[in-house]
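Student: The structure's right below; bear with me while I get my questions together.
The values are calculated or read from the model by the stated rules, or taken from the named source; none is laboratory data. Only a predicted model underlies this, so the values are computations on that prediction, with no experimental measurement involved. Here the Cβ positions follow ideal geometry from the backbone for every residue, glycine too, while neighbour counts run over all protein chains shown.
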């Protein structure tokens with residue numbers, strides 16, 4: 001596979017956090033319909049970006065495997081970015097994943113296009129589209145920098161399940177929505193030890209707890225605040 005460009009790396013981090021912006025939120029759709037036993041299920045995404053130099057923007061179509069398959073390893077490692085780029089005529093192609101859900105359910109989500117499309121040998125559907133200014137897309141995204149997402153999705157966490165949380169210097173709590181195995185090998189059992197292995201930013205802490213009752217983490221007025229740690233795991237600000 002080709003080494004992604006700096007633009008591709010930045011876009012990948014943005015969309016791993018489910019779309020985000022700088023000072024202004026990015027307009028984006030959300031994910032494919034929920035399924036039973038969502039927690040721990042694996043998914044992957046392929047991002048197709050097209051730059052409009054006249055408008056000074058880049059539009060990213062987000063395709064993912066949610067609801068179709070769990071991104072089989074043999075098929076995923078065989079995906080060739082250059083071939084996908086040639087096939088789709090995209091300006092930039094980013095492989096995002098594999099990732100695993102750490103939510104038990106979600107609501108308020110819909111597919112942008114339910115038609116199944118095969119990209120690089122993997123069946124996917126278009127889950128969303130977002131547009132970024134080229135100047136923003138060429139910027140540098142860093143772990144522990146919060147981003148604003150425009151969406152109405154509600155994450156559900158079941159009673160009795162373990163919650164993995166980041167707490168920022170002001171005491172705001174962020175609940176893990178998914179973990180990444182793209183760069184660091186992780187599983188749910190290893191998440192309890194993240195506090196010992198993450199290079200936490202100053203003032204940030206990591207904690208785990210078992211839920212006494214079900215928890216819903218919602219976007220507020222159509223906006224969600226998301227953040228990633230240095231392993232690429234994604235969290236959303238909670239109303240706790």
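Student: Among residues belonging to the range 172-192 that are touching a strand residue (DSSP E or B) at 6+ places or on another chain (Cβ under 7 Å) and either farther than 22 Å from residue 158 by Cα or part of a loop (DSSP other than H, G, I, E, B) (or both), point out the one that is modelled with the highest pLDDT.
Tutor: Of everything passing the filter in the range 172-192, 172 is modelled with the highest pLDDT.
Student: Here is a check on your reading of the model: is residue 196 loosely packed, with under 13 Cβ neighbours inside 10 Å and part of a helix (DSSP H, G or I)?
Tutor: yes
Student: In this structure, is residue 158 at pLDDT 80 or above, more than 22 Å from residue 223 (Cβ to Cβ) and not assigned by TED's automatic domain parsing to the domain that holds residue 54? Even if it seems obvious, please write down each step before you answer.
Tutor: Values: at pLDDT 80 or above: yes; more than 22 Å from residue 223 (Cβ to Cβ): yes; not assigned by TED's automatic domain parsing to the domain that holds residue 54: yes.
For residue 158, the condition - at pLDDT 80 or above, more than 22 Å from residue 223 (Cβ to Cβ) and not assigned by TED's automatic domain parsing to the domain that holds residue 54 - is met.
Student: Can you tell me which of 132, 211, 166, 223 is over 23 Å from residue 94 (Cα atoms), surrounded by 15 or more Cβ atoms within 10 Å (Cβ to Cβ) and touching a strand residue (DSSP E or B) at 6+ places or on another chain (Cβ under 8 Å)?
Tutor: Exactly one residue qualifies, and that residue is 166.
Student: Being more than 21 Å from the chain's Cα centre (by Cα) and more than 29 Å from residue 159 (Cβ to Cβ) narrows it down to one of 90, 75, 55, so name that one.
Tutor: Among 90, 75, 55, only 55 is more than 21 Å from the chain's Cα centre (by Cα) and more than 29 Å from residue 159 (Cβ to Cβ).
Student: Tell me the strands (runs of 3 or more DSSP E) entirely within the range 29-131 that contain at least 2 residues that are at pLDDT 90 or above.
Tutor: So the answer is 42-52, 92-101, 113-119.
Student: A follow-up question, please. As an exercise: evaluate residue 203 against (1) more than 14 Å from the chain's Cα centre (by Cα); (2) in a strand (DSSP E or B) and give the number of the one condition it does not meet.
Tutor: Exception for residue 203: condition (2).
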